[in-house]
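The values are calculated or read from the model by the stated rules, or taken from the named source; none is laboratory data. Values in this document were obtained by computation on a predicted structure and should not be read as measured data. Quick reminder, even Gly has a Cβ in these numbers, built from the backbone with ideal geometry, and neighbours come from all protein chains shown.
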Amino acid sequence: MSESAFALNVETPTEFRLACPRCRQPFPSGRDLLRCPACELRFSRDGGIWHLLPPERELALRRFVTEYREVRHREGWGSRGPAYFRALPFVDLTGRFEEIWRIRAASYATLVQRVLRPIELQTQTPLSVLDLGAGNSWLSHRLSERGHRLAAVDLCDDARDGLGAHVHYPTVFTSVVADFDHLPFAGRQADIVVFNAALHYSPDLVVTLAEALRVLGDTGHLVIMDSPIYHDAVSGARMVREREHAFIRDHGFPSNAVASEGFLTHRRLRELATDLGLRFRLLRPLRWWPMRGHSLLATMRGQRERATFPVIVGRRRPWAASRLETRFGRRNGAR
């Protein structure tokens with residue numbers, strides 16, 4: 001059943017303005033083939049998915065993508081039929097990861113009720129949304145149902161568990177294989193950028209968030225969803241070590257081919273807010289108190305703190321855009 005909030009009109013653009021991920025030069029329009037007029041890189045759309053990784057980034061990320069796909073297949077993520085994908089995040093028809101999807105569903109409900117609906121009521125127009133870490137694109141599908149324009153961005157184009165699953169949805173959105181630190185989009189065109197259970201994979205949160213802010217409009221919303229956050233950084237580091245040991249035991253490798261920060265802390269969020277000129281709000285999802293209670297109980301028992309998963313919403317401070325352009329513009333090739 002559609003959740004459509006808006007009827008897209010003929011003047012609403014259906015495609016995002018793509019740009020070269022290496023030099024940020026906007027691409028001339030192309031149906032299934034793009035060529036950068038500045039650095040002459042060529043990119044194609046295959047099976048409905050744009051592949052927009054520069055060759056050097058594809059090489060650097062190849063091992064990570066291979067190991068990630070292998071682990072997900074072994075653990076039983078995904079499906080080959082549309083019913084599974086169309087039920088997400090509310091029901092896991094496989095029954096394998098019901099608790100994880102309960103957390104995701106609570107986060108989604110918080111995103112819609114406390115972030116999206118107020119903006120919809122205020123603007124009364126469809127929004128441009130980047131879904132970063134889209135995975136099988138369930139969030140892009142849900143927000144497209146509401147009438148918004150979506151770009152699903154991920155490194156994995158797997159048909160069972162990645163962007164290739166777009167064929168199972170009745171909605172239309174743009175699917176893009178890309179790197180978070182080299183987003184292939186022209187600047188300041190997104191109303192909302194969502195890191196969808198993905199920001200903690202970043203090697204450098206300042207760089208990754210600055211790149212997202214380059215694409216985000218000056219009055220846009222930056223949303224961090226389903227990344228683990230701790231009060232105590234020691235507990236976060238212990239979680240990362242425990243996860244690596246579990247991967248070695250179960251899969252024969254630690255699954256750390258690309259270094260990442262691995263988790264957030266409340267202190268790290270304050271540092272990021274200062275560095276990037278942001279104000280952050282932490283929204284508590286419906287399942288907040290059980291999560292927080294389990295975390296406090298673990299601490300009382302002398303165990304490491306357990307993560308919680310608030311929905312984190314960032315807005316620029318008025319002076320932030322010019323400061324970020326001065327600091328990151330040259331590195332990002334902004335034009």
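A few comments on the model shown:
- In this structure, Ser255 does not qualify as hydroxyl-bearing (Ser, Thr, Tyr), part of a helix (DSSP H, G or I) and either buried (at least 16 other Cβ atoms within 10 Å of the Cβ) or modelled with pLDDT under 85 (or both).
- Tally, over region 203-220, of residues that are surrounded by fewer than 23 Cβ atoms within 10 Å (Cβ to Cβ) and not in a helix (DSSP H, G or I): 5
- Residue selected from region 45-57 under the condition touching a strand residue (DSSP E or B) at 6+ places or on another chain (Cβ under 8 Å) and part of a strand (DSSP E or B), by the criterion surrounded by the most Cβ atoms within 10 Å (Cβ to Cβ): Trp50
- Arg238 buried (at least 22 other Cβ atoms within 10 Å of the Cβ), charged (D, E, K, R) and outside any strand (DSSP E or B): no
- Filter result (surrounded by 11 or more Cβ atoms within 10 Å (Cβ to Cβ), of a type in the set (Lys, Arg) and in a loop (DSSP other than H, G, I, E, B)) within region 27-42: none
- Close pairs (6 angstrom Cβ cut-off, 6 or more residues apart or separate chains): more than 19 Å from Asp181 (Cα to Cα) in region 259-272, assigned to a helix (DSSP H, G or I) anywhere: Thr265/Ala233
- Qualifying positions in region 137-173 - assigned to a loop (DSSP other than H, G, I, E, B) and within 14 Å of Arg17 (Cα to Cα): Phe173
- Scanning region 93-120 for residues that are more than 23 Å from Leu222 (Cβ to Cβ) and not aromatic (Phe, Trp, Tyr) yields Leu93, Thr94, Gly95, Arg96, Glu98, Glu99, Ile100, Arg102.
- Residue match in region 174-183 (condition: of a type in the set (S, T, N, Q), assigned to a loop (DSSP other than H, G, I, E, B) and touching a residue at least 40 places away in the same chain (Cβ under 8 Å)): no
- A single entry from Arg117, Arg42 fulfils the requirement of being touching a strand residue (DSSP E or B) at 6+ places or on another chain (Cβ under 8 Å) and either modelled with pLDDT of 95 or more or within 25 Å of Val172 (Cβ to Cβ) (or both): Arg42.
Listed here are the residues, each with its yes/no results for (1) modelled with pLDDT of 70 or more; (2) touching a helix residue (DSSP H, G or I) at 6+ places or on another chain (Cβ under 9 Å); (3) part of a strand (DSSP E or B); (4) closer than 19 Å to Ala233 by Cβ.
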{"residue": "Gly262", "(1), (2), (3), (4)": "yes, yes, no, yes"}
{"residue": "Ala273", "(1), (2), (3), (4)": "yes, no, no, yes"}
{"residue": "Met291", "(1), (2), (3), (4)": "no, yes, no, yes"}
{"residue": "Pro318", "(1), (2), (3), (4)": "yes, no, no, no"}
{"residue": "Leu324", "(1), (2), (3), (4)": "no, yes, no, no"}
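- Residue that is modelled with the lowest pLDDT, among those in region 1-39 that are among the basic types (Lys, Arg) and over 17 Å from Val215 (Cα atoms): Arg31
- Among the residues making up region 184-202, none is in a helix (DSSP H, G or I) and among the small types (Gly, Ala, Ser).
- The number of residues in region 11-26 that are surrounded by fewer than 19 Cβ atoms within 10 Å (Cβ to Cβ) and not charged (D, E, K, R) comes to 6.
So that you can scan it fast, the table gives a plain yes or no per residue for (1) under 22 Å from Asp179 (Cα atoms); (2) among the charged types (D, E, K, R):
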residue: Gly47; (1), (2): yes, no
residue: His51; (1), (2): yes, no
residue: Glu56; (1), (2): yes, yes
residue: Leu59; (1), (2): yes, no
residue: Arg63; (1), (2): yes, yes
residue: Thr66; (1), (2): yes, no
residue: Val71; (1), (2): yes, no
residue: Gly76; (1), (2): no, no
residue: Ala83; (1), (2): no, no
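- Some residue of region 173-181 being touching a Leu at 6+ places or on another chain (Cβ under 9 Å), among the polar types (S, T, N, Q) and crowded, with 24+ Cβ neighbours inside 10 Å: yes
- Val153 falls short on exactly one of the conditions (1) surrounded by 22 or more Cβ atoms within 10 Å (Cβ to Cβ); (2) more than 13 Å from the chain's Cα centre (by Cα), and that condition is (2).
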